[in-house]
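Taking it in order: structure first as structure tokens, then the write-up.
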Amino acid sequence: MSAHESTFLTACLDCGALYQRCKVAPGEKARCCRCGRVLYRGARLTRDHLLALVAAALIVLVIANTTPIVYLQTQGVSNSATLLGSILVLWREGQEGVAALAFVTTLAFPALELCALAGVLLILRFRPASRSVALLLRGIQVVRPWGMVEVFLVGVLVALVKLSHMADVRPGVALWGFACLAVLLTAIVTFDLRELWDDVPVRDVSPSENGSRLVPCHVCGLVCGDVVRCSRCGARLHVRKPDSLSRTWALLIAAAILYVPANMLPIMRTTSPMGVEADTIMSGIVYFWTSGSPDLAVLIFVVSIFIPLAKLASMAMLALTVQRGSSHGKRRRTVLYRLVEFVGRWSMVDVFVVALMVGLVRLGSLVVIDAASGATAFGAVVVLTILAAHGFDPRLLWDAEDKHD
């Protein structure tokens, strides 16, 4: 296939269907007729608008991470917490896993995405795309799923409600900064990176002997001939993700094993003149329910108990139906997979609540909150289930149909 011909094709990465690309109006979406996935969308933002949003997001990111998120005062003792300060406290207390997870999802990966996107836009503004643009775009697509600023913002709000029962709480500048950052990142994500990928030149590569087979690139979306590497971004090509089922099962089993200690062990300990109190996820749900915040109790139950269990059960069901070669309900199962992939990140709320409260509630001899081993186990469950969803190849759900046709 020539480089010119390949740029006019697009593939659905959920079911494997191939389509000829066509222009869509700004705000419109092109969907797969077979599984309903959004293939691409018309850009509402120009590149200049996108660059302005990225610059604004970088400024807000600095403000949100260098100013206090919240101020706490009780019995004449006061304290404030920044995100970086809370992460450092977790690290010093031996909770390196929770600290690293909070750091990469709320600061490192969003910052890397914004810097890389700014670099791409500036390069394309002044000169033709080069290999550096492809590398930056690949980096954006790797880190983007792990940026969880909006989830962290929900965690902050939950922590504020809980803290309001023990002290006077006043929101800081960073709280509004994270709210603005979440809005800006949401607007930035709506811009389809395919438009930037289209500027990267495609090399003509001679296909192998089975050159009639077309393989879509999971990184840049280019439909290539039967070659080893993508002729635009250089990523290694596979007809299906290698060892998809075995990796998915391994990650799901590990997550299921860790789910037990994540819910049985305390996620944080509160030390006060009254003694030491250990809080598990379920005890936190009970606390919100009995303290007059049933809405937050339901929220924590959904994101910390129901969603992880539902993800484990759903992914296990999807993997099992693929192994059995089931050809029924393929579209419904594909929609279920997309739902699992979308909601998985929201289970991080409890981890962020712990991170903030550990950094904030250090009021000398009055009250001190420390992270416990349950937080590490729960964070591992969230990461493992996300990795299981990312490692699963939904096109396997449709292979049974192709074999029967």
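Derivation of every value follows stated rules applied to the coordinates shown; laboratory data play no part. Values in this document were obtained by computation on a predicted structure and should not be read as measured data. Positions of Cβ are generated from backbone atoms using ideal geometry, with glycine treated the same way; all protein chains shown enter the neighbour counts.
Using bins of 10 Å that start at zero, the share of Cα-Cα pairs per bin across the chain amounts to 4, 20, 28, 24, 15, 7, 2, 0, in whole %. Its convex hull of Cα atoms gives the stretch 1-155 a direction-averaged projected area, equal to a quarter of the hull surface, of 13.6 nm². Rg/Rh, computed from the Cα trace of the stretch 74-144 with Rh as the Kirkwood radius, has the value 1.24.
When the GluC sites (Glu not before Pro) in the stretch 17-116 are filtered for DSSP coil states and for at most 12 other beta-carbon atoms within 10 Å of their beta-carbon, the remaining sites are GLU28. Dividing the summed helix terms, -39500 (n - 2.57) for each DSSP H run of n ≥ 4, by the number of residues in the chain produces a 222 nm estimate of -17000 deg cm²/dmol to the nearest 500.
For a paramagnetic label modelled on LEU339 (point 7 Å from Cα along Cα→Cβ), amide N atoms under 11 Å away belong, within the stretch 305-319, to 311, 314.
Taking every alpha-carbon pair within the stretch 235-317, the share separated by more than 21 Å comes to 49 percent. With contacts taken as Cα pairs under 8 Å and at least 6 residues apart, the stretch 250-320 reaches a relative contact order of 24 percent.
Compute the FRET efficiency between MET166 and HIS49 as 1/(1 + (r/R0)^6), taking r as their Cβ-Cβ distance and R0 = 51 Å, and round to the nearest 0.05. Calculated transfer efficiency: 0.70.
Computed over the chain, relative contact order equals 23 percent, with contacts defined as Cα pairs under 8 Å that lie 6+ residues apart.
From the alpha carbon centroid of the stretch 54-71 to that of the stretch 9-23 is 39 Å. Kirkwood radius for the stretch 147-292, taken over all pairs of different Cα atoms as the inverse mean of 1/r, rounds to 20.9 Å. For the chain, the cysteines with no partner cysteine C-beta closer than 4.7 Å are CYS22, CYS33, CYS115, CYS180, CYS224. Taking only pairs that are 8 or more places apart or on different chains, how many Lys pairs in the chain have Cα atoms under 24 angstrom apart? So the count of such lysine pairs works out to 6. In the frame of its principal axes, the stretch 207-353 has Cα extents of 76, 35, 26 Å, reported largest first. Candidates LEU61, VAL368, VAL98 compared by Cα position along the dipole of the chain: farthest toward the positive end lies LEU61, with charges placed on Cβ.
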